[in-house]
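Trainee: Encoded as structure tokens, here's the structure I'll be asking about.
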Amino acid sequence: MKTGIDLISFYTSRYFLPLQTLADKRGVDVGKFHVGLGQERMAVPPPDEDVVTMAASAAKPLLDKVDKSSVSLLLFATESGVDQSKAAGLFVHKLLGLPSRCRVVELKEACYSGTAAFRFAAALMEGRPEENALVICSDIARYDLGSPGEPTQGCGAVAAIVNAAPRLLTFDDASGLHAEDVMDFWRPNYRDEALVDGKYSAKMYLNIVALTWTHYVEQTGLDVDDFERICYHLPFTNMARKAQAQLFRAAGIKRPSDAQIDEKVAQTLGYNRLTGNCYTASLYEGFACLLDTCEADLSGKRIGFFSYGSGCMGEFFSGVVQDGYRAHLFADNHKALLDNRLELSYQAYEDIFNLKVPEDGWEYVFAQYRTGPFRFGGVSDHKRHYEEVE
Ligand code: COA
């Protein structure tokens, strides 16, 4: 019996800024954002939305389909944590009413930790057909106003059930791995915005595509043609095209055509183009997009995954799509969410960006914005309060 992904659900903020608006304000040709980066909109979280509320909102639809009492593991991957000690997953555990006989922990390694969560969950669910693991990747990508990273901001969460009888995808055993201590992107504890050497980060990402692919091929003997599609970590969607070209080169195809590249990656990009980077969630947002929107039947087909976390850690792994997967998707929810967001003006975006959670520990109640079923209500005595709104 193979473990894997049983259900997958995505959530993002109900607000967005068109990159046309940002381009006009910054005096940049919008072609740089739309074509050069491959981004069209960025999701902007209101002040009463954070990684906890996005995570709980992503996970809620899953728990209508599995028995809550069977959830014995909750792994929460994020690099936008709300506390230095307490796991964000414990707030989610309460909001969702999960059982107390459950192991809850938060994982961090930049955008990679979501993959660690999926792989750990799959290993822990082996031989436990009665149990379910809830894996959540939730992040807010923030860079300084006016910085090169600004147009790649975004936010979102992916929640998935991992178990021993997966209805969507079984994981293959092999993993191509690469770890190395580099400073390409980081966020010191005293900063809300990430620091990034963007060009260096993209270079490391591409190097590690080739290194992890080579390690994976050593274990499996598979070739690029054995993959129907490949999902990549998406700091912006054109990164996947660069990555696929790199993987082709590593596989001996020196000059792949745009059509060859698009065939492998294009159908994973639609959601990220409209949300921006969601760090840990981006790779799995791409996978959800592929399952939801790919017209071709993917049943029985092998999908590749490349996960990259700055700092850095990379992994290439794979899985096989299960027969009947289409009956278990949340494609309509995802479409409605992306279709019904509110457009922000530039000024509203900057005002929201500059609002900070007060750090003096006094009593604060936050105004209510449009959110999902859960919101961050305020702070008192240094404690965050979450509430259900729907
Ligand atoms: N029309 C079409 N394309 C245009 C354009 C225009 N008017 N103007 C620029 N471009 C293209 C550039 O040629 C470039 O394409 P290429 O990468 O294929 O060469 C692309 O748009 C980006 O332009 P560039 O000048 O390289 O952008 P930048 O230096 O301002 O920043 C990043 C790009 C990725 C470095 C920046 O967005 C960043 O730091 N992002 C955050 C970190 C990150 O995403 N890291 C990736 C690894 S995880």
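Trainee: What FRET efficiency would be calculated for the residue pair residue 223, residue 186, taking the C-beta separation as r and a Förster radius of 41 Å, to the nearest 0.05?
Mentor: On the way: r = 36 Å, r/R0 = 0.87.
Efficiency computed from Cβ-Cβ geometry: 0.70.
Trainee: Of all beta bridges DSSP finds with both residues in the chain, what is the antiparallel percent, to the nearest 5?
Mentor: If we restrict to bridges inside the chain, about 70 percent are antiparallel.
Trainee: With a 10 Å radius around each residue's Cβ, average the other Cβ atoms per peptide and rank 286-298, 36-48, highest first. All intermediate terms of the calculation are to be shown ahead of the outcome.
Mentor: Details: 286-298: 19.2, 36-48: 21.8.
So the peptides 286-298, 36-48, ranked by packing, come out 36-48, 286-298.
Trainee: Rank-order 345-355, 10-20 by packing density, defined as the average count of other C-beta atoms within 10 Å over each peptide's residues, highest first. Can you show the working numbers first?
Mentor: Details: 345-355: 13.8, 10-20: 24.3.
Descending packing order for the listed peptides: 10-20, 345-355.
Trainee: Taking only C-alpha pairs under 8 Å that are 6+ residues apart, what is the relative contact order of the chain in percent?
Mentor: Once divided by the residue count of the chain, the mean separation gives 25 percent.
Trainee: Would you compute, from DSSP H runs of 4+ residues alone, the mean residue ellipticity of the chain at 222 nm, taking -39500 (n - 2.57) per run and dividing by the full residue count, rounded to the nearest 500?
Mentor: Result for the chain: -9000 deg cm²/dmol, rounded to the nearest 500.
Trainee: Can you work out the accessible area per residue across the range 1-127, with the rest of the protein chains kept in place, probe 1.4 Å, in square angstrom?
Mentor: 38
Trainee: Choose one of 70, 171, 248: the residue whose Cα lies farthest towards the positive end of the charge dipole of the chain (beta-carbon charges +1 Lys, Arg; -1 Asp, Glu; about the Cα centre).
Mentor: 248
Trainee: Over 24 Å between Cα atoms, which of 264/301; 242/356; 2/68 qualify?
Mentor: Violating the 24 Å limit, Cα to Cα: 242/356.
Trainee: Sticking with this one: Using a 1.4 angstrom probe on heavy atoms only, work out the carbon and sulfur share of the accessible area of the range 172-328 in %.
Mentor: Carbon with sulfur: 48 percent of the solvent-accessible area.
Trainee: Residues in the range 68-90, backbone N under 13 Å from the label point at residue 131 (7 Å along the Cα-to-beta-carbon vector): list them, ranges by number please.
Mentor: Taking a point 7 Å out along Cα→Cβ of residue 131, the residues of the range 68-90 whose backbone N falls under 13 Å are 70-75.
Trainee: Obtain the radius of gyration and the Kirkwood radius of the range 260-351 from its C-alpha atoms and give Rg over Rh.
Mentor: Details: Rg = 15.5 Å, Rh = 15.1 Å.
Here the Rg-to-Rh quotient is 1.03.
Trainee: With the cut-off at 1.5 for a/c, could you classify the range 140-262 from its C-alpha gyration tensor as rounded, prolate or oblate?
Mentor: prolate
Trainee: How large is the translational diffusion coefficient of the range 172-328 in µm² per second when you combine the Kirkwood radius over alpha carbon pairs with Stokes-Einstein at 25 °C and 0.890 mPa s?
Mentor: D = 153 µm²/s.
Trainee: Oh, and also: For residue 26 and residue 293 in one chain, what is 0.36 nm times their gap in residues minus the Cα-Cα distance, to one decimal in nm?
Mentor: 92.8 nm
Trainee: How much of the DSSP beta bridge set in the range 45-164 is antiparallel, as a percent to the nearest 5?
Mentor: 45
Trainee: Give me, ordered by chain and number, the residues 5 or more places off residue 104 or on other chains with an amide H under 5 Å from its own placed amide H.
Mentor: Those lying under 5 Å, H to H, from residue 104 are 74.
Trainee: So, one more: How much FRET efficiency would the formula 1/(1 + (r/R0)^6) give for residue 255 and residue 64, where r is the Cβ-Cβ distance and R0 is 41 Å, rounded to 0.05?
Mentor: Calculated transfer efficiency: 0.25.
Trainee: Still on this structure: Skip the ligands, DNA and RNA, and give the accessible area per residue of the range 172-328 with a 1.4 Å probe, whole Å².
Mentor: Details: 6290 Å² over 157 residues.
That works out to 40 Å² for each residue.
Trainee: In debye, nearest 20: dipole of the chain around its Cα centre with unit charges on the Cβ of K, R (+) and D, E (-)? Numbers along the way, then the final one.
Mentor: On the way: 40 positive and 53 negative charges, 54 e Å.
In debye, rounded to 20, the chain gives about 260.
The values are calculated or read from the model by the stated rules, or taken from the named source; none is laboratory data. Since the structure is predicted, the reported quantities are computational estimates derived from the model, not experimental observations. Backbone-built Cβ (ideal geometry, glycine too); neighbour counts: all protein chains shown. Accessible surface is based on the protein model in full, side chains and every heavy atom, while ligands, DNA and RNA are left aside. Shrake-Rupley method; radii C 1.70, N 1.55, O 1.52, S 1.80 Å.
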